[in-house]
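Data first, discussion second: the structure below is written as structure tokens.
Only the coordinates and a few stated rules stand behind these numbers; no lab work does. Model, not experiment: these values are computed from the prediction. So basically every Cβ, Gly included, is an ideal-geometry build from the backbone, and we count neighbours across all protein chains shown.
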Amino acid sequence: MGHVLANWRGYLELTKPGVQALLFVSCASGMLIGSDFDPPIMTFFFGLIGISFLAASSAVINHFFDKHIDSKMNRTSDRPLVNGSISDNSAIIFSILLYCSGSWMLLAYANFLTWLLTTLTFIFYGFIYTKYLKFMTSQNIVIGGLAGAMPPLLGWAAITNTIEPNALLLVLIIMVWTPPHFWALAVYRVEDYTDAAVPMLPVQKGVAFTKQHILLYTFLLLASTMLPYAVGMLGEIYLLSALVLGVIFLSYSYRLYKDDSNSLAMPTFAYSIIYLAALFAAMLVDHFLKL
């Protein structure tokens, strides 16, 4: 226990807290919109924590399987399992504890459907994507993005115990957002992925091809974000916000596409995070004002 307390920052890093923050926003949005801002308090709290714990557990598994490639990349060479500050066995025990405690919360305070969907997401990301899919195709992030897109549906299911079409629209938006978001980082870190022999799109098809697809996917993302308004799920406040945020994203993507120096890769990546958080905030404001 003393070791855990002394190295809590390392254990926190294993859970990928930056990813967890976006998961919190999108999952809570699904809960609040699905319940018209009136979720059962215990279900909201323990459902959100339970889903986050299972996501954190799969992140630890990701660190464990990626240890050999993390050691070859500048961005990840100082991660806890690589530098030895946390042992492999400790990480596995930590992952099991997160999974078991999160599962208990979901089964006790949410419902079986949410636990099942979250467990399937855990398996898909922690094992199928990390261990196999990542190395099989340059389209790995397109397919693997489904795991990161699930939180709104998981939150919605925790409240309603159903899989509803409107929740699937939120999944679609995040799934389409993931490639331009991650490919911008991959462009910036293309040497890392080359050294680690990970077949990301810029490694397999080249940086110019990747930047073209970032731009194309940003257009597709803008179109996808119109769907919640088109089906009457959200109103004009969301529509205007989605248009403004999307046009800014397009501006970043287009300038990156035209920039031979690739200096806009990280600013594009950084804006993509702001974009998603702001988009879901606009959803919440719009839905709340409609009540």
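Segment 100-131 and segment 221-291 have Cα centres spaced 29 Å apart. When the chain is treated as a GNM with alpha-carbon contacts under 10 Å, the residue of Ser103, Ser35, Ser263 showing the greatest mean-square fluctuation is Ser263. Give the shape of segment 231-279 as rounded, prolate or oblate, defined through the alpha-carbon gyration tensor: a ≥ b ≥ c are the square roots of its eigenvalues, a/c under 1.5 means rounded, and otherwise the shape is prolate if a/b is larger than b/c and oblate if not. Because a/c hits 1.5 or more and a/b exceeds b/c, segment 231-279 counts as prolate.
Helices in the chain, meaning DSSP H runs of at least 4 residues, each add -39500 (n - 2.57). Divided by all residues, the mean residue ellipticity at 222 nm is -24500 deg cm²/dmol. As I understand it, the dipole of the chain uses +1 on the Cβ of Lys and Arg and -1 on the Cβ of Asp and Glu, about the Cα centre. Which of Phe44, Ile92, Tyr188 lies farthest toward its positive end? So the residue we want is Tyr188.
By its C-alpha gyration tensor, with a ≥ b ≥ c as the square roots of the eigenvalues, how is segment 164-291 shaped: rounded for a/c under 1.5, else prolate for a/b larger than b/c, else oblate? Cα axes put segment 164-291 in the prolate bin. Label separation (Leu227 vs Leu116): 2.3 nm, computed from points 7 Å beyond Cα along the C-beta direction. Under 25 Å of direct C-alpha separation, and excluding same-chain neighbours fewer than eight residues apart, Lys211 reaches these lysines: Lys72, Lys134, Lys258.
Under a Gaussian network description of the chain, with springs only between Cα atoms under 10 Å, the residue in Ile41, Ile173, Ile274 that fluctuates furthest is Ile41.
Per the Cα gyration tensor, the chain maps to an equivalent ellipsoid with semi-axes of 29, 28, 15 Å, ordered largest to smallest. Each of Ser253, Ala197, Ala281 was placed along the dipole of segment 164-291 (beta-carbon charges, centred on the mean Cα), and the one lying farthest toward the positive end is Ser253. Oblate is the label for segment 46-141, because the ratio a/c of its alpha-carbon gyration tensor axes (a ≥ b ≥ c) is 1.5 or higher and a/b is not greater than b/c. Residue by residue, segment 117-124 carries 3J(HN,Hα) couplings of 4, 5, 5, 4, 5, 4, 5, 4 Hz when phi is fed to the Karplus relation 6.51 cos²θ - 1.76 cosθ + 1.60 (θ = phi - 60°); x denotes Gly or Pro.
Thinking of segment 124-200 as a set of Cα atoms, what percent of all their pairs are more than 17 Å apart? For segment 124-200, the share of Cα pairs beyond 17 Å comes to 52 percent. Working from label points 7 Å from Cα in the Cα-to-Cβ sense, the Asp78 to Leu168 distance is 4.5 nm.
Compared with the direct C-alpha span, the chain from Leu216 to Trp104 gains 36.1 nm at full extension, assuming 0.36 nm per residue. Taking every alpha-carbon pair under 8 Å whose residues sit at least 6 apart, the chain reaches a relative contact order of 20 percent.
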